[in-house]
Amino acid sequence: MAPFLDQILNIVSNILYIQKLSVLTYLILVSVVLCGFTISLSTLASLRRNRKTRLNSNSLIYFLMLINTSLLLAGISTSIGLFHYSLPALLSILMIPLTFYALASIETDWNKHKGLRLLALSLAVLVIFLFGSKHLVNGVEEEETTSDMINILINGCFRWSIHGSHYDLAPLDAILKVALSYITSDTIFSPVLASIMYTCYGLSTFILVYMLTKTVTGSFGYTSTIALLTMLSYPYSPIIGLSTPPSPQAHLLAVAALTFIMRSLLGHRTFTSRDYFAVIPLILASLLMQPSTLGLVLYLALITLWLAYRKSLTKHSYVLTILIFSLMIYFAKVMYTAFAAGFVNYIQVLWDYIVNAFREREMMTITARNPGYSALPRLCLTGFATLLGYLAGLAFSILMKMLRRKQISIVEQLFIVTLVFYGVFVLTAISTGLGGRSQSRIVTTGAQPYVELALILYLAMLVPRQSKPLVLIPLAISVLATLITPNAMPLNYTIPMAAKAATFNDHVIGYNFTELIDKSYFVKLYSTCGDAARIIASQERGNASYGLGSTKSTVYCFIAPKIVHAKSYWDPCIMAIYAEPKDATGYVTNKVFDAWIYGFYIYTRK
């Protein structure tokens, strides 16, 4: 039996009687509790500043590392082609916060224990590979960006984005995947190629963040722990969504660029002309990949204003130069694509949601972007609140210093500025969920990577050596809560989710069925916007949903070859063909295809 987390955690949620709480009430409660817990531990740590609270047992760390690594290797190997993560994989994932917390708590000479250091680095690489290799479990890579890969493959060039008009300028992730498929003589649907590519995104950024952190803290164990755990601390963290392009990849490139900026901003090196050759390509690729990297532009603008307030902008004029470059690139993207009109409409939707929330006074209900989330056991959603409580708890001590008129350091100032930036995004996301369908994923991802980087710098530079084991406990709890969310483990949830993507069976069935449809018949359906007939696929067996809807067989057979004059699979007439009619009484229903867990029906107008 597949280990589906929503079924397992439903039992625990019922025992704890938390299922009766509304989603918003539960998340607020979790956030407040963890905030108080963090404040308590920070206070305790300050009182025990001269007491040893660190571990001395290297054998315990070796044991945890070996068990975690062995389970992870066994879990990955047994999950390939299974369409969900196996039990060893789940156990290894749940061990990650415990193992790395123990690693950060150990007192040892890392130069004498090179074997332990190698083992820890190997485990960190495996963890990143786990989140970058979801397609190995599914047996194929096929999701939204695959449509642009098909477009390039069939037409031999990139005309415009079939994925969405705001990607018209250059969907670099799709272009790179097609180029690599040509170089390796592999298919664009290759799960191996996808896993290697996405893992490289995550690993390269992790290494750069680790190198930045290592310059300010001497402990290998603590450095690697805060870097990895912080990058796994929230359901919208880029590493968590590494297998779902292009947003995580775009933000990882942005974080990679910021590591060069922060190293100079904090005074650890001088920003030189050579750094521009690293930062500018990273920012260029990031901004072209995904519209939500508007958050990077806004964050750079906020840092510029902060430096101007500190009267340090002249010293750090490179930040202003990079901001101007980013604005130029983003403006070019806005002008070339349909982003401008879409962004205006999106802001109007957000505003309508927020106004509706206060007008209707529905302040204790929240509508999830995926309606299935609201019905999940409350424990499954804990990770959406834990980091917020942790950040609030850490900010509390800084605010107390400010109230006592004590001087705060540049890192503390950066942390507070970033928290304000992040808080605006989070409050906007929550407000949209109160007044309409939650836009939390789209809004929060625009700021999530930057608060993680600021948190890593804060933990690295300002937490006293004796206090680190205590202060990291809430972070480890936050990571554990995140790792059981549907965002982190979508394949081990029964509800339908876009993050699941298509399985190999979905891919084979989708393309085989679509290729049976006569081209002239499909043109007729498109020309009538589905009024003549509808094509409906329905899951009729099994207790878990998969990703048939993520297959891009229509793009491959009809849109990219220009059989129909649709620019995107979001074309209203394309969508209408596959949408079940509201009133089916005017149609004759015939089952025409049956495979695996699906039945395919033709609804023909009487």
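Residues in region 103-142 that are assigned to a loop (DSSP other than H, G, I, E, B), open to solvent by 10 Å² or more (accessible area, probe 1.4 Å), touching a residue at least 40 places away in the same chain (Cβ under 8 Å) and not small (Gly, Ala, Ser): Glu107, Thr108, Trp110, His113. Scanning region 474-523 for residues that are of a type in the set (D, E, K, R), surrounded by fewer than 21 Cβ atoms within 10 Å (Cβ to Cβ) and under 17 Å from Tyr601 (Cα atoms) gives Glu515, Asp518.
Beta carbons closer than 9 Å, at least 6 apart along the sequence or on distinct chains, pair a first residue in region 1-14 that is within 12 Å of Leu376 (Cβ to Cβ) with a second that is charged (D, E, K, R) for Leu9/Arg378; Ser13/Arg378. In region 282-305, the qualifying residues are those that are hydroxyl-bearing (Ser, Thr, Tyr) and either in contact with a Cys (Cβ under 6 Å, 6 or more places away or on another chain) or open to solvent by 10 Å² or more (accessible area, probe 1.4 Å) (or both), and the one that is farthest from Ile410 (Cα to Cα) is Ser292.
Is it the case, given these coordinates, that Ala227 is farther than 30 Å from Ser550 by Cβ, buried (at least 24 other Cβ atoms within 10 Å of the Cβ), in contact (Cβ under 8 Å) with a residue 24 or more places away in the chain and touching a helix residue (DSSP H, G or I) at 6+ places or on another chain (Cβ under 8 Å)? Judged against the criteria, Ala227 is a match.
When Ala460, Ala454, Ala395 are checked against the criterion of being at pLDDT below 90 and either in a helix (DSSP H, G or I) or in contact with an Asp or Glu (Cβ under 7 Å, 6 or more places away or on another chain) (or both), a single residue qualifies: Ala460. Determine if region 169-182 includes at least one residue that is of a type in the set (A, V, I, L, M), farther than 30 Å from Ala502 by Cβ and open to solvent by 10 Å² or more (accessible area, probe 1.4 Å). Checked region 169-182: no residue is of a type in the set (A, V, I, L, M), farther than 30 Å from Ala502 by Cβ and open to solvent by 10 Å² or more (accessible area, probe 1.4 Å). Any chance region 177-185 includes a residue that's part of a loop (DSSP other than H, G, I, E, B) and among the basic types (Lys, Arg)? The answer is no; no qualifying residue exists. Taken as a whole, the condition of being within 21 Å of the chain's Cα centre (by Cα), without any contact (Cβ under 8 Å) to a residue 24 or more places away in the chain and closer than 30 Å to Phe331 by Cα does not apply to Leu172.
Would a scan of region 69-76 turn up a residue that is of a type in the set (Gly, Ala, Ser), touching a Gly at 6+ places or on another chain (Cβ under 8 Å) and closer than 27 Å to Leu5 by Cβ? Among the residues of region 69-76, not one is of a type in the set (Gly, Ala, Ser), touching a Gly at 6+ places or on another chain (Cβ under 8 Å) and closer than 27 Å to Leu5 by Cβ, which makes the answer no. The requirement of being under 22 Å from Leu387 (Cβ atoms) and modelled with pLDDT of 95 or more is fulfilled nowhere in region 268-283; no residue meets it. If you go through region 554-585 and keep only what is of a type in the set (S, T, N, Q) and either in a loop (DSSP other than H, G, I, E, B) or open to solvent by 80 Å² or more (accessible area, probe 1.4 Å) (or both), you end up with Ser568, Thr585.
Reported count of residues in region 586-602, each being within 13 Å of Leu548 (Cα to Cα), β-branched (Val, Ile, Thr) and in a strand (DSSP E or B), is 0. Of everything in region 535-553, what is open to solvent by 40 Å² or more (accessible area, probe 1.4 Å), assigned to a strand (DSSP E or B) and either free of Cβ contacts under 8 Å to residues at least 40 places away in the same chain or touching a Ser or Thr at 6+ places or on another chain (Cβ under 9 Å) (or both)? Give them in sequence order. Within region 535-553, Gln539 is the sole residue that qualifies.
If only one of Gly164, Gly156 is under 30 Å from Asn492 (Cβ atoms) and either in contact with a Ser or Thr (Cβ under 9 Å, 6 or more places away or on another chain) or surrounded by fewer than 18 Cβ atoms within 10 Å (Cβ to Cβ) (or both), which one is it?
Gly164
Filtering region 90-122 to residues that are among the hydroxyl-bearing types (Ser, Thr, Tyr) and either within 28 Å of Ile80 (Cβ to Cβ) or at pLDDT below 85 (or both) leaves Ser92, Thr99, Ser105, Thr108, Ser122. Looking for something at pLDDT 95 or above and either under 23 Å from Thr494 (Cβ atoms) or of a type in the set (A, V, I, L, M, F, W, C) (or both) - is there at least one such residue anywhere in region 538-545? Within region 538-545, none of the residues are at pLDDT 95 or above and either under 23 Å from Thr494 (Cβ atoms) or of a type in the set (A, V, I, L, M, F, W, C) (or both). Inspect region 61-79 for any residue being buried (at least 17 other Cβ atoms within 10 Å of the Cβ) and either in a strand (DSSP E or B) or over 29 Å from the mean Cα position of the chain (by Cα) (or both) and give the result as yes or no. Looking through region 61-79, at least one residue is buried (at least 17 other Cβ atoms within 10 Å of the Cβ) and either in a strand (DSSP E or B) or over 29 Å from the mean Cα position of the chain (by Cα) (or both). Going by the conditions given, is Ile563 touching a Lys or Arg at 6+ places or on another chain (Cβ under 7 Å) and under 21 Å from Ser165 (Cα atoms)? Yes; evaluated as a whole, the condition is true for this residue. I'd like the full set of residues that are buried (at least 17 other Cβ atoms within 10 Å of the Cβ) and without any contact (Cβ under 8 Å) to a residue 60 or more places away in the chain, limited to region 385-403. Ala395, Ile398 - these are the residues of region 385-403 that are buried (at least 17 other Cβ atoms within 10 Å of the Cβ) and without any contact (Cβ under 8 Å) to a residue 60 or more places away in the chain.
Identify all residues within region 404-445 that are of a type in the set (Ser, Thr, Tyr) and either at pLDDT below 90 or open to solvent by 20 Å² or more (accessible area, probe 1.4 Å) (or both); write none if there are none. Scanning region 404-445 gives Ser409, Thr428, Ser431, Thr432, Ser438, Ser440, Thr444, Thr445. Met149 falls short on exactly one of the conditions (1) more than 30 Å from Ser70 (Cα to Cα); (2) surrounded by fewer than 24 Cβ atoms within 10 Å (Cβ to Cβ); (3) hydrophobic (A, V, I, L, M, F, W, C), and that condition is (2).
The values are calculated or read from the model by the stated rules, or taken from the named source; none is laboratory data. It should be emphasised that the depicted structure is a prediction, and the values quoted were computed from it without experimental measurement. No Cβ is skipped: glycine too gets one built from the backbone with ideal geometry, and neighbour counts run over all protein chains shown. These area figures cover heavy atoms from the full protein model, side chains too; ligands, DNA and RNA do not enter into them. Shrake-Rupley method; radii C 1.70, N 1.55, O 1.52, S 1.80 Å.
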